[in-house]
Amino acid sequence: MIRETDSRFSFLSYNALSLLVYRPWWEEGIVHGMTLSDRSFGGEALYLEAKELCRAVGADLLVALKQTHGDRVFDARVEVVGREISNDQGSCVQVGQCDAILIPHKKNLSAKVLVYGVTTADCVPVVIRGEEEWALVHAGWRGLANGIIKKVASTFGVIREVAIFPCAGGERYEVGKEVLEAIGASASYKNAVNGKFLLNTAETARNQLVEFVAGDRVAVSGICTISDRRFHSHRRDGLVAGRSLTFWTPTKR
């Protein structure tokens, strides 16, 4: 199933940041979003851009992940994590060897104001809102196959809403049969003309969420990062591709 762009997602500028946001959350005053291709949070640029991000959103420190395309989850609610973060003196700290982070809804165990983020350039950035916590998930096809989304969703008592931000779309993301077999029944795809398949990664992520939350509470942007040059794309640009950051912070506008 190929979805059109969801009108609940909006482009805007916020304190010199160009962002795509989920409009219902933004109107609540929730500071979050996905950065565009005018900035890159990849490699060494992560630390430079973290300063600008923190300045724009009123945070002290960006908590990013050392992403591995696996299924490990970093729990920012754990006490030792709070101590680790509070001892960092820079504008960014990378934690774990993981692809998702669980975040307390209001308080963290650090005296600092934190902003949390995952980086992507075609992979699926997922933001999950619960009653007592949030989660950010980075899921490429390997993450979809490894069950990272289901693993995170299963930790929530109640999921209020999910926003799936731009990623490789079902008209452009070509994969082989082995990828579909690795992902399994949740894979959303159609046949390509060359014997391969076009995988819709956002719809695949949505399929993996529906056993935990009603489908109408999962918002999918419908934007393909390969086709839309406002976003970074590894499939389109190769090794020179930058990285977008999808982030959330407990600060309010």
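The values are calculated or read from the model by the stated rules, or taken from the named source; none is laboratory data. Since this is a predicted model, take the numbers as computed values, not measurements. Reconstructed Cβ throughout: ideal geometry from the backbone, glycine too, with neighbour counts over all protein chains shown.
How many residues, within the range 50-69, are over 17 Å from the mean Cα position of the chain (by Cα) and either exposed (fewer than 14 other Cβ atoms within 10 Å of the Cβ) or of a type in the set (D, E, K, R) (or both)?
Filtering the range 50-69 down to residues over 17 Å from the mean Cα position of the chain (by Cα) leaves 51-52, 54-61.
Now restrict to residues that are either exposed (fewer than 14 other Cβ atoms within 10 Å of the Cβ) or of a type in the set (D, E, K, R) (or both): 51-52, 55, 60.
Selection size over the range 50-69: 4.
Which of the residues that make up the range 169-201 are surrounded by fewer than 19 Cβ atoms within 10 Å (Cβ to Cβ), out of contact with any Leu (no Cβ under 9 Å at 6 or more places or on another chain) and either under 21 Å from Asp228 (Cβ atoms) or of a type outside the set (Gly, Ala, Ser) (or both)?
Lys177, Glu178, Glu181, Val193, Asn194, Lys196
Taking the criterion of being part of a loop (DSSP other than H, G, I, E, B) and without any contact (Cβ under 8 Å) to a residue 24 or more places away in the chain, would at least one residue in the range 170-182 satisfy it?
Step one: of the range 170-182, the residues part of a loop (DSSP other than H, G, I, E, B) are 170-173, 176.
Next cut, without any contact (Cβ under 8 Å) to a residue 24 or more places away in the chain only: 176.
Yes, the range 170-182 contains at least one residue that is part of a loop (DSSP other than H, G, I, E, B) and without any contact (Cβ under 8 Å) to a residue 24 or more places away in the chain.
Would you point out the residue of the range 204-222, among those that are within 20 Å of Arg23 (Cα to Cα) and among the charged types (D, E, K, R), that is modelled with the lowest pLDDT?
My answer is Asp216.
Give me the pairs: first residue in the range 36-51 and in contact (Cβ under 8 Å) with a residue 12 or more places away in the chain, second residue crowded, with 18+ Cβ neighbours inside 10 Å and in a helix (DSSP H, G or I), beta-carbon distance under 9 Å, and six or more apart or on different chains, which are they?
Close Cβ pairs satisfying both conditions: Arg39/Glu49; Arg39/Leu53; Ser40/Leu46; Ser40/Glu49; Phe41/Glu49; Phe41/Ala50; Phe41/Leu53.
Could you tell me whether Arg160 is assigned to a strand (DSSP E or B), surrounded by fewer than 19 Cβ atoms within 10 Å (Cβ to Cβ) and in contact with a strand residue (DSSP E or B) (Cβ under 8 Å, 6 or more places away or on another chain)? If you could, list the steps in order and put the result at the bottom.
Numbers: assigned to a strand (DSSP E or B): yes; surrounded by fewer than 19 Cβ atoms within 10 Å (Cβ to Cβ): yes; in contact with a strand residue (DSSP E or B) (Cβ under 8 Å, 6 or more places away or on another chain): yes.
So Arg160 fits the description; yes.
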